[in-house]
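Chemist: Please find one structure pasted underneath; my questions will follow.
The values are calculated or read from the model by the stated rules, or taken from the named source; none is laboratory data. Because the structure is a prediction, the values reported are computed rather than measured. Heads up, the Cβs are rebuilt from the backbone with ideal geometry, glycines too, and the neighbour counts pull from every protein chain shown. Heads up: the accessible areas ignore ligands, DNA and RNA and are worked out on the full protein's heavy atoms, side chains in. Shrake-Rupley method; radii C 1.70, N 1.55, O 1.52, S 1.80 Å.
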Amino acid sequence: MRPQWVPTERDIAEARITDFARSVTERTGEPVADYHALWQWSVTDLAGFWRAVWDYFDLGPVAGEVLTGTDMPGAHWFPGTRLNYVDQVIRHLRTDRPAIVAVGEDGPIRELSWAELLHQTAAFARTLRSLGVRPGDRVVGYLPNVPEAVVAFLASASIGAVWSACGQDYSPKAALDRFGQLAPTVLVTADGYRFGGKTYDKRADIEQLRAGLGSSAATVVVPRLGLELPDTLSWTDAIADPTGAPALATEAVEFDHPLWIVFSSGTTGLPKGIVHGHGGVLLEHLKTVALQTDIGPEDTFFWYTTPSWMMWNFQIAGLLAGATIVCYDGSPAHPSPDTLWRIGADVGATVLGTSPGYVLACIKAGSVPRSDHDLSALRTVGITGSALPTSSALWLGTNIGEHVQISAISGGTDVVSAFVGGVRTVPVWPGELSAPYLGVHLDAYDDGGRPVRGEVGELVVTAPMPSMPVSFWNDDDGKRYHAAYFDMFPGTWRHGDWITITDRRSVVVHGRSDATLNRHGVRMGSADIYQCVEQLPEITEALVIGAEQPDGGYWMPLFVVLAPGAEFTDELKTRITSAIRAEVSPRHVPDEIIHAPGIPHTRTGKKLEVPIKKLFQGADPGSVAEPTAVDDPSLLDWYRTIRP
């Protein structure tokens, strides 16, 4: 296979990771031959690598050791060193570019300068203190993707408070399932939002959420629709400055002091609160955003996301690198399927992130972004959320521009970052992720814990990373944390993805291993089937499961959602079967193809493969998924009714 994109000599020379490699050579006295040599050093000398990252970004004095022990869990990073995530944002005060560009479905684009960002952050931090917020207290956001959410987070972090957020598409119960665990001191919310051309008044939902949180939580309201909420503090008053410009003073905290709590999808039981620390996130995000993604002070970083998803946290890291970030509050496909490309052109995005699902929607809509929009500033398209099919990667090259790097990444909320993805100095092969990230000792294991190459294995990380969770919320003895990652391979992080590491050290992602298809003892990834079937113009989306039967049999149905106007005919089923047989393998052909009214997802867009599998294995429908964690809970009833 030929690479889709190959870095030029100029790309390599100007890449931030090349400059970092030079600093490593100066530090160690050993020349760095290429990226893979740099990666090998980074996972062989963990303490040396992370100290080099710390020094490269000039993060201040280090109290003592970088790393105490390498056990997982149990590694202790930078013990005794104190810092604050927000200090790295403060240092980038500049006047030549905005800090945030805000885009909505209605109204003009607005900009927030670096001075305004820091001024509002300081003012809101003062308000939080006046409301009784102290280090370790929780501040939560029920907000759309707006600059005020970024300000509220930075203000909370600056005083050592702990931030957590979700989007306003979550129901009050779904939000309460998360925030109710945290006993927050302050709730920051908006009166509503606009999405897909519709306006959503959230006042009744906010009152329900407030009632669930109790009277102890003060409420600050961002005016998006101009609606009144009684007994609340307006955002305008919260950032008012009657006594002159306040200085943004930060609270120095321990390296692992909680920065934020991000929640897992939570399809069963209450969502799992994952706690990350100031230092671990700071180091990991500087490495990933600045070195791996090559983002710097001249960049405009736009990733389509919501505060419910870790990519919102990830995009804020653009500020750590001195870049301009873009907050888009709206639908990616309104008023037309190519909306994200239009916004990218309007704001001059140099790095634009989206999902395979959005790319596929553009393909089916016949979009040609490079012809319809000025994407001359665009250097990199980031992709995450699920595996990117080879065909979609090639479409991007043709319809966005061959000079644009397609940087698919794979990671998770668990580390609020990526394990593997594109690198500015490494070629891109269609359908593959270019390389493991620096400091990530990534491997693929078979069921016996043995490394495998060129075949499907469990994605594992065999050495600690500083952004691995500090803890799970309300998991004082650490048992849930240990069970989540370390039960299968003691001492080794098992992430729950199937991958193949190729002979060129790139990575192919096949989907979640807990939803693995295992027909006749051969493991297969569901992503391979989706990539094939969802290309067909008649198919909007697909879901495949493999359900072991009580009699020892194995039933592997494929559910398909039809595009408007398409008919579910024998001829279509034959074409689906033929496509899978030809493009994937005969073993991947399903036992049955079923027309479904829709595919249920988590609130962050992941297909509910495991809950549907459990349903078809006889589980109680009420136990397979928490309805508030599902985008369309009514679909679970449909799957229940067709269960054999």
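Chemist: Give, rounded to the nearest 20 debye, the magnitude of the charge dipole that the chain has about its Cα centre when Lys and Arg contribute +1 at Cβ and Asp and Glu contribute -1 at Cβ.
Modeler: The calculated dipole for the chain is roughly 140 debye.
Chemist: Among DSSP beta bridges lying fully in the range 40-187, give the percent that are antiparallel, nearest 5.
Modeler: Details: 6 of 13 bridges.
If I count the DSSP bridges inside the range 40-187, around 45 percent turn out antiparallel.
Chemist: Beyond a 21 Å Cα-Cα separation, which of these cross-linked pairs lie in this structure: 479/607; 272/479; 479/613; 173/202; 364/573; 272/606?
Modeler: Over 21 Å Cα-Cα: 479/607; 479/613.
Chemist: Check residue 295: other-chain or 5+ apart residues with amide H under 5 Å from its amide H, H built from backbone geometry?
Modeler: 290
Chemist: Mark the label point 7 Å from the Cα of residue 402 along Cα→Cβ and return the residues of the range 422-453 whose backbone N is within less than 18 Å of it.
Modeler: 427-431
Chemist: Sort 604-615, 310-321 by the packing proxy (mean of other Cβ within 10 Å over each peptide's residues), most packed first.
Modeler: 310-321, 604-615
Chemist: With a Förster radius of 35 Å, plug the Cβ-Cβ distance of residue 455 and residue 113 into 1/(1 + (r/R0)^6) and report the FRET value to the nearest 0.05.
Modeler: 0.10
Chemist: Enumerate the calculated ³J(HN,Hα) couplings along the range 69-84 in order (Karplus 6.51 cos²θ - 1.76 cosθ + 1.60, θ = phi - 60°), each rounded to whole Hz, writing x wherever the residue is Gly or Pro.
Modeler: x, 10, 5, 10, x, x, 5, 10, 9, 6, x, x, 7, 10, 6, 8
Chemist: Here's a follow-up. Using only alpha carbon pairs under 8 Å that are at least six residues apart, calculate the relative contact order of the chain and give it in whole percent.
Modeler: 13 percent
Chemist: Let me ask something else about it. Lys and Arg at +1, Asp and Glu at -1: add these up for the other residues within a Cβ distance under 9 Å of residue 459 and post the number.
Modeler: Result for the neighbourhood of residue 459: -2.
Chemist: Using the Karplus curve 6.51 cos²θ - 1.76 cosθ + 1.60 with θ = phi - 60°, work out ³J(HN,Hα) for each residue of the range 323-336 in order, rounded to whole Hz, and write x for Gly and Pro.
Modeler: 3J(HN,Hα) across the range 323-336, in whole Hz: 8, 8, 10, 10, 9, 10, 10, x, 7, x, 10, 10, x, 9.
Chemist: State whether the chain is rounded, prolate or oblate according to the following rule on the C-alpha gyration tensor (a ≥ b ≥ c being the square roots of its eigenvalues): a/c under 1.5 gives rounded; otherwise a/b larger than b/c gives prolate, and the remaining case gives oblate.
Modeler: Cα axes put the chain in the rounded bin.
Chemist: Suppose the chain between residue 447 and residue 2 were pulled fully straight at 0.36 nm per residue; how much longer would it get relative to their current alpha carbon spacing? Don't jump to the answer; show the numbers that get you there.
Modeler: On the way: separation 445, 0.36 × 445 = 160.20 nm, distance 3.19 nm.
This chain segment gains 157.0 nm when fully extended.
Chemist: Here's a follow-up. Find how many whole Å separate the alpha carbon centroid of the range 207-264 from the alpha carbon centroid of the range 355-422.
Modeler: With the range 355-422 and the range 207-264 each reduced to a Cα centre, they are spaced 35 Å.
Chemist: Another question, then. Quick one: which residues, 5+ away or cross-chain, put their amide H under 5 Å from the amide H of residue 274? H built at 1.01 Å from N.
Modeler: Distant-sequence amide H within range of residue 274: 262, 263, 264, 473.
Chemist: For the range 279-334, what does the alpha-carbon gyration tensor say about shape, rounded, prolate or oblate, given a ≥ b ≥ c as the root eigenvalues, a/c under 1.5 as rounded, and a/b over b/c as prolate? Each step should come with its number before you reach the end.
Modeler: Values: a/c = 2.57, a/b = 1.54, b/c = 1.67.
In terms of gyration-tensor shape, oblate.
Chemist: What distance in nm separates the two pseudo spin-label positions at residue 476 and residue 488, each 7 Å out from Cα along the beta-carbon direction?
Modeler: Roughly 3.1 nm, to one decimal.
Chemist: Let me ask another. What is the local net charge at residue 429, summed over the other residues whose Cβ is closer than 10 Å to its Cβ (Lys, Arg +1; Asp, Glu -1)? Don't jump to the answer; show the numbers that get you there.
Modeler: On the way: positive: 2, 504; negative: 432.
So the environment of residue 429 carries a net charge of +1.
Chemist: Out of residues 5 or more away from residue 383 or on other chains, whose amide H comes under 5 Å of its own, with H placed 1.01 Å from N in the peptide plane?
Modeler: Amide H neighbours of residue 383: 354, 407, 408, 409.
Chemist: Compute the relative contact order of the range 173-233 as a whole-number percentage, counting only Cα pairs closer than 8 Å that sit 6 or more residues apart in sequence.
Modeler: Working: 77 pairs, mean separation 25.0, N = 61.
Relative contact order here is 41 percent.
Chemist: What is the dipole size for the range 521-609, taken about its Cα centre, with +1 at each Lys and Arg Cβ and -1 at each Asp and Glu Cβ, in debye to the nearest 20?
Modeler: On the way: 8 positive and 13 negative charges, 66 e Å.
Value, rounded to 20: 320 debye.
Chemist: Continuing with this model, one more query. Contour minus end-to-end for residue 249 and residue 94, with contour as 0.36 nm per residue of separation and end-to-end as the Cα-Cα distance? It would help to have the intermediate numbers written out before the result.
Modeler: On the way: separation 155, 0.36 × 155 = 55.80 nm, distance 1.79 nm.
Here the segment from residue 249 to residue 94 would lengthen by 54.0 nm.
Chemist: Hey, any idea what % of the chain's accessible area is carbon plus sulfur with a 1.4 Å probe?
Modeler: Roughly 50 percent, rounded to a whole number.
Chemist: Given 341, 361, 327, which one lies farthest toward the positive end of the charge dipole of the range 327-485, if we put +1 on the Cβ of every Lys and Arg and -1 on the Cβ of every Asp and Glu?
Modeler: 341
Chemist: For a test of the definition: using alpha carbon positions, the gyration tensor, and the 1.5 limit on a/c, classify the range 322-400 as rounded, prolate or oblate.
Modeler: It comes out rounded by the Cα gyration axes.
Chemist: What is the magnitude of the charge dipole of the range 266-375 about its Cα centre, with +1 placed on the Cβ of each Lys and Arg, -1 on the Cβ of each Asp and Glu, and no other charges, expressed in debye to the nearest 20?
Modeler: 380 debye
Chemist: Residues in the range 606-630 near a label at residue 173, defined as backbone nitrogen under 12 Å from the 7 Å Cα→Cβ point?
Modeler: Under cut-off, by backbone N: 626-630.
Chemist: Once you put a point 7 Å from the Cα of residue 134 and another 7 Å from the Cα of residue 298, both along the Cβ direction, what distance in nm separates them?
Modeler: If labels sit at residue 134 and residue 298, their model points lie 4.9 nm apart.
Chemist: Okay, moving on. Quote the FRET efficiency, to the nearest 0.05, computed for residue 55 versus residue 76 with a Förster distance R0 of 22 Å and r equal to the Cβ-Cβ distance.
Modeler: Taking R0 as 22 Å, the efficiency between residue 55 and residue 76 is 0.65.
Chemist: May I ask for the net charge around residue 371, where only other residues with Cβ less than 13 Å from the Cβ of residue 371 are counted and Lys, Arg are +1 while Asp, Glu are -1?
Modeler: So the surrounding residues net to -1.
Chemist: Using 0.36 nm per residue of separation minus the Cα-Cα distance, give me the extension gain between residue 183 and residue 504 in nm, one decimal.
Modeler: Gain in length upon complete extension: 110.7 nm.
Chemist: Follow-up. I want the antiparallel fraction of DSSP beta bridges within the chain, as a percent rounded to 5.
Modeler: Bridges in the chain that DSSP calls antiparallel: roughly 55 percent.
Chemist: Taking only protein heavy atoms and a 1.4 Å probe, what accessible area per residue, in Å², does the chain have with all protein chains in place?
Modeler: Working: 24080 Å² over 644 residues.
Averaged over the residues of the chain, the accessible area is 37 Å².
Chemist: Going highest first, how would you order 175-187, 70-82, 157-169 by mean Cβ packing within 10 Å?
Modeler: On the way: 175-187: 21.5, 70-82: 16.5, 157-169: 23.8.
Highest-to-lowest ranking by the protection proxy: 157-169, 175-187, 70-82.
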